Amino acid sequence: MRFLLVLDVGVIAVAVICGYLARFGDDDPRGSDIPYILVGPGLVLAWLLFLKTLRCYDDRVLGYGADEYRRVVSASLRLAGAVAIAGYVADVGVSRGFLAISFGVGTTGLVAARFGARKVLHRARARGAGWSRRVLVVGDAAHVLELVGTLRREPYAGYQVVGACIPDALLAPVPQRLGDVPVVGSFRGILEAADASGVDTVAVTASGELTATRLRRLGWQLEGTGIDLVLAPALTDVAGPRIHTRPVAGLPLIHVEAPEFRGARKLVKGLVDRTVALAALTLALPALAAIALAVKLDSRGPVIFRQVRVGRGGEEFGVYKFRTMVVNADTLLAELAARNETDGLLFKMREDPRVTRVGRFLRKWSLDELPQLANVLFGDMSLVGPRPPLPSEVARYDGDVARRLLVKPGMTGLWQVSGRSDLTWEDGIRLDLYYVENWSLATDLTILWKTVGAVVNGRGAY
């Protein structure tokens, strides 16, 4: 938190200086009635106060999720509004250009600085060296293992499980472990186990023995200890905007809105998709021509490879890609089936002999997928969505996996920004279903931004 405070002070100070220089330059504002030598530092202090008041330094939102950025932007906009109102009421003529530039540069700089600090923290957490919350998981053995697996899938979220408490009936007289997590106590000694393990968070998952009364008493016991109590509901993979808590007779009821598969937001998404696809195709024409020439000169066969995929509602369409394999790739597949490096219904090989020299380059940088902009323009695909499946995959879908077909497939998606071919089949399906259930325009913009980093890093591209 101290690091963030120093970072914010530096960003705001630079923003105020930029606003001053951009507005006044070499002019001397000392002839003005406004003492800018005091206004500048005062604006820095007020900005920090608003950031603190809106809990932008709360460790529960730092390093994960969009709430940190929302709070920073909200604090900056509220301060800007407060300064404008105060200036109008007091009839103080502070330069509007100075304020506009300062707030514009400062707000952008604060978000960018938080983003950079988050990336540093994520890399440190991935190495096990970053600040994380020490967590004691409480619940039935099966639910404890499930929650531990969920938290470990995203280590950059900052939850390090150090122990577990299970029901008294399951506690053995000898030391136990759930996977590699030590069992440090039972439901009768949660507070003692938390104190002995040095945790700062107790995460409670499902268990028949943890009644409402026992949970309430556990909350009372943790008061004043500095240990947070977190409840992990059985309902998973539902994003925050769909969840609303409403207290009824002292009972916090969780209302879950149904996924949105049609309506005005869908129309806007389709309009944005086609507009961006048309603009991208126009700008990329020289690059497309160069890639086409390289593919043609590298190996015999067509430049564009058209493959049947399944879109929204189970309708088949032809997806376009630059050809990256030899022309008889399909006939060679049976010979390579035993060398499949993935589970589930997909076939992937890191060193697939069917891929051409130019094809390896195109796949590494995802350039082979640029013709799919035409699929987006025609309305068969979206910029962001689940991975477009083959008909052979869809034929083996069960009821849950088939929900991927409720929305258009995408050129990119959570599967791509999370590892692409390095993901297991199960993880890929989980991410696709999460997107289907919780899509939003803001999520699409975030995924598009992360796609740039995923392509540059080349993770899972083969």
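The values are calculated or read from the model by the stated rules, or taken from the named source; none is laboratory data. Treat the numbers as computed from the prediction; the structure is a model and nothing was measured. Quick reminder, even Gly has a Cβ in these numbers, built from the backbone with ideal geometry, and neighbours come from all protein chains shown. Protein only, heavy atoms only, side chains kept; ligands, DNA and RNA dropped before computing areas. Shrake-Rupley method; radii C 1.70, N 1.55, O 1.52, S 1.80 Å.
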Highest mean first, how do 285-291, 108-114, 434-440 rank when packing is the count of other Cβ atoms within 10 Å averaged over residues? 434-440, 108-114, 285-291
Give me a comma-separated list of calculated 3J(HN,Hα) values for the stretch 302-315, in order, Karplus coefficients 6.51, -1.76, 1.60 applied at θ = phi - 60°, integers in Hz, x for any Gly or Pro. x, 6, 9, 9, 10, 10, 6, 10, 10, x, 4, x, x, 6
Of the convex hull enclosing the alpha-carbon atoms of the stretch 21-117, the direction-averaged projected area in nm² is 6.7
Mind ordering 263-276, 371-384 by average Cβ neighbours within 10 Å, highest first? 371-384, 263-276
Return a whole-number percent for the relative contact order of the chain, with Cα pairs under 8 Å and 6 or more residues apart as the contact set. 10
Show me, for the stretch 372-388, the HN-Hα J-couplings you get by feeding each phi into the Karplus relation (A = 6.51, B = -1.76, C = 1.60, θ = phi - 60°), rounded to Hz, glycine and proline as x. 5, 4, 5, 4, 5, 5, 7, x, 7, 10, 10, 5, 10, x, x, 5, x
Lys119 versus His255: modelled label distance in nm, points set 7 Å from Cα along the beta carbon direction: 4.0
Count of lysine pairs in the chain with Cα atoms under 30 Å apart, counting only pairs 8 or more residues apart in sequence or on different chains? 26
Average projected area of the Cα convex hull of the stretch 374-462, in nm²? 6.0
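Tell me, what % of the accessible area of the chain is carbon and sulfur with a 1.4 angstrom probe? Walk me through the intermediate numbers first.
On the way: 15700 of 25560 Å².
Carbon and sulfur atoms account for 61 percent of the accessible area of the chain.
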Hydrodynamic radius by Kirkwood, which averages 1/r over all alpha carbon pairs of the stretch 165-212, in angstrom: 11.5
Can you give me the accessible area per residue for the chain, using a 1.4 Å probe, in Å²? 55
Note the listed values (i) 22.4; (ii) 24.2; (iii) 26.3, then indicate which one is Kirkwood radius over Cα pairs in Å calculated from this particular structure. (iii)
Once both labels are modelled 7 Å past Cα along the beta-carbon direction, what's the Ala292-Ala90 spacing in nm? 6.4
